[in-house]
Amino acid sequence: MGVDGRGRKQLTSGDDSSPSWSPDGSTIAFARASSIFVVPAAGGTPTSLGSDPQASDSEPVWSPDGTKILFSSFRPDTLELDLWVMNADGSNRMRITNTPNLDELDPAWSPDGSRILYSGAGDSSSWQIYVSDANGMNRHVLTHACGACAGNGSPSWQPLR
């Protein structure tokens, strides 16, 4: 739709969530039925990027250069939410976090694509915000909340100027 609210067009139907625009504005990634889909921003048929049938994939986020999609995934072998990355066509899926007793979600890319920011909660139910390299290495906690009183979620980056 236009900035004035006119020209609205429905692109998906059903229980779809977590829409994410590609950097060039041509494509929208979203979650549907435990899988990641893409649809042309101008309209068309959504395409599944594939998934492990045992997985529950959600929260897709495009890399700044549009070549990769970062997402959270629940896998029954770990019983945890971890962050994964794949090529924009769904190929080359790789787990980039694998932290026992910690669920990772709400991913966000840094503006230059070199780092990621995300929320994580462990056994204490205390949500923290973490930053790491884009490959999941060199993780650092940015917040230091205490127990159930903490609700650090949905982090985002300041855009580059």
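Only the coordinates and a few stated rules stand behind these numbers; no lab work does. Given the structure is predicted, the values throughout are model-derived calculations rather than measurements.
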Over the chain, with a Gaussian network built from C-alpha contacts below 10 Å, which listed residue (A134, A33, A88) shows the highest mean-square fluctuation? A33
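Run the numbers for D77 and M94: contour at 0.36 nm per residue of separation, minus the present Cα-Cα distance, in nm.
Details: separation 17, 0.36 × 17 = 6.12 nm, distance 1.51 nm.
Answer, rounded to one decimal: 4.6 nm.
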Binned at 10 Å starting from 0, the alpha-carbon pair-distance distribution of the chain in whole percents comes out as 10, 38, 34, 15, 2
Normalised by the number of residues in the chain, what is the relative contact order in percent for Cα pairs under 8 Å and 6+ residues apart? 13 percent
